[in-house]
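Read the structure below first, then the notes.
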């Protein structure tokens, strides 16, 4: 295995453009001098990683490269928020978060343009997926880089092979359109011996709206943006899915449990769940595989918008250079390859060879059609508003069930828009 990894790294070393920093404005082509005074960087984990993952894909590679830099992980929880950390004088040096919630950190005045530091430390921006970088720039009103990405979500169509076999239906293939997935679902949605089998769980309307680049709130105006053709299409899709007899999705349904524990869902269209219970479910008898996420005929092959997990060095950090050294390690080919192979997270690098290594060192994934996870196109996300989530997510889900219960689409979207704008006014 070690020889194989070395071979892969040699092959990857020729991939991607190598930037000559002497060509960058204000650069003399030399790496900055490194201060080796011991430093501990505080990292606030808005996106979760296990302690084992932090150690293997962050702490150990960082220690090997820069022994003087260590990490202190700050996890949000009861009594621990970004505001409480600031108040206690423990403001993080690095925030690890979803790109969609970055605007919230403007409230604490923690975000800054990292471009000068990126150039100083010779981090080649061309190595990253352009859609991911564009989505980060979109958050900043000036179009600057306020973060660097580490990984991003993919979407896929997971399926229960046992149910397909039992009902004599061929497994789903890559490249399905939503209407084809719905027709397939009709063959699988049934009730037998008192057990309901759902043919397709597409989660909620917010998930199927992502490939349409539809957000609830306009990030530029902080006004509701749901009374649109894109949201009508998304609402119509979930109605087509959840009005199939025996394929209803009751409010409060846990899609993951229904697929992995109850084993009563034939197809689940969702994000990356490779490390979120599938291994345990297999031990309990789940036979599964995955295919490419379905797409709209108007937008073939588009699977979702950028949902990336990013690092932002805080404006208040006293260790900005050390933080950038850490980010340079975390975004290196070596660490990106390790993360992709060992944790099943998709690399943010524009490097197909690393993508093809997805899950290669996760034994329970061997033989799975993981190519389906990265076949779909991920498009740049619109500008997120800090009001996109929270109460407005609840309002959207409530509206979806009202529509499924028979309310007409015009009334549904009009009332939803009013509700969202009222929520925003209250939060402001």
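Annotations for the structure displayed:
- Residues in the stretch 109-120 include none that are closer than 22 Å to residue 343 by Cβ and at pLDDT below 95.
- Checked against the criterion of being under 15 Å from the mean Cα position of the chain (by Cα) and over 23 Å from residue 105 (Cβ atoms), the stretch 314-335 contains not a single residue that satisfies it.
- Meets criteria (within 29 Å of residue 101 (Cβ to Cβ), assigned by TED's automatic domain parsing to the domain that holds residue 408 and touching a residue at least 60 places away in the same chain (Cβ under 8 Å)) for residue 301: yes
- Hey, residue 266 over 26 Å from residue 61 (Cβ atoms), assigned by TED's automatic domain parsing to the domain that holds residue 170, free of Cβ contacts under 8 Å to residues at least 60 places away in the same chain and surrounded by 19 or more Cβ atoms within 10 Å (Cβ to Cβ) or not: no
- When the stretch 193-217 is filtered for residues that are farther than 21 Å from residue 392 by Cβ and touching a strand residue (DSSP E or B) at 6+ places or on another chain (Cβ under 7 Å), the ones remaining, listed by number, are 197, 198, 199, 200, 201.
- Helices (runs of 4 or more DSSP H) wholly inside the stretch 311-408 containing at least 3 residues that are more than 30 Å from residue 427 (Cα to Cα) and in contact (Cβ under 8 Å) with a residue 24 or more places away in the chain: 320-330, 333-343
- Subset tally (residues that are touching a strand residue (DSSP E or B) at 6+ places or on another chain (Cβ under 8 Å) and part of a loop (DSSP other than H, G, I, E, B)) for the stretch 63-81: 3
- Some residue of the stretch 127-144 being over 30 Å from residue 292 (Cβ atoms), touching a strand residue (DSSP E or B) at 6+ places or on another chain (Cβ under 9 Å), in a helix (DSSP H, G or I) and at pLDDT below 95: no
- Subset of the stretch 386-422 [in contact with a strand residue (DSSP E or B) (Cβ under 6 Å, 6 or more places away or on another chain) and surrounded by fewer than 18 Cβ atoms within 10 Å (Cβ to Cβ)]: 421
- Candidates 208, 195, 217 - the one that is under 25 Å from the mean Cα position of the chain (by Cα) and over 15 Å from residue 295 (Cβ atoms): 217
- Flag set for residue 97, criterion: touching a residue at least 24 places away in the same chain (Cβ under 8 Å) and in contact with a strand residue (DSSP E or B) (Cβ under 8 Å, 6 or more places away or on another chain).
- Filter result for residue 289 (assigned by TED's automatic domain parsing to the domain that holds residue 136 and touching a residue at least 12 places away in the same chain (Cβ under 8 Å)): no
- Considering 339, 295, 308, the condition of being over 24 Å from residue 173 (Cβ atoms) and at pLDDT 95 or above is satisfied by 339 alone.
- Residue check, residue 113 in contact (Cβ under 8 Å) with a residue 24 or more places away in the chain and either assigned to a loop (DSSP other than H, G, I, E, B) or under 19 Å from residue 325 (Cα atoms) (or both): yes
- Test result for residue 355, within 25 Å of residue 269 (Cα to Cα), out of contact with any helix residue (DSSP H, G or I) (no Cβ under 6 Å at 6 or more places or on another chain) and surrounded by fewer than 23 Cβ atoms within 10 Å (Cβ to Cβ): yes
- Answer residue from the stretch 49-74, given it is without any contact (Cβ under 8 Å) to a residue 40 or more places away in the chain and over 19 Å from residue 93 (Cα atoms) and is nearest to the chain's Cα centre (by Cα) among those: 50
Residue by residue, here is whether (1) assigned to a loop (DSSP other than H, G, I, E, B); (2) farther than 26 Å from residue 275 by Cβ; (3) assigned by TED's automatic domain parsing to the domain that holds residue 340; (4) modelled with pLDDT under 90 holds:
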{"site": "5", "(1), (2), (3), (4)": "no, no, no, yes"}
{"site": "15", "(1), (2), (3), (4)": "yes, no, no, yes"}
{"site": "19", "(1), (2), (3), (4)": "yes, yes, no, yes"}
{"site": "43", "(1), (2), (3), (4)": "no, no, yes, no"}
{"site": "59", "(1), (2), (3), (4)": "no, no, yes, no"}
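- Pick from the stretch 82-106, criterion touching a helix residue (DSSP H, G or I) at 6+ places or on another chain (Cβ under 9 Å) and outside any helix (DSSP H, G or I), ranking: surrounded by the fewest Cβ atoms within 10 Å (Cβ to Cβ): 90
- Residue among 161, 220 that is over 28 Å from residue 395 (Cβ atoms), surrounded by fewer than 15 Cβ atoms within 10 Å (Cβ to Cβ) and in contact (Cβ under 8 Å) with a residue 60 or more places away in the chain: 161
The values are calculated or read from the model by the stated rules, or taken from the named source; none is laboratory data. Quick caveat, the model's predicted, so the values are computed rather than measured. No Cβ is skipped: glycine too gets one built from the backbone with ideal geometry, and neighbour counts run over all protein chains shown.
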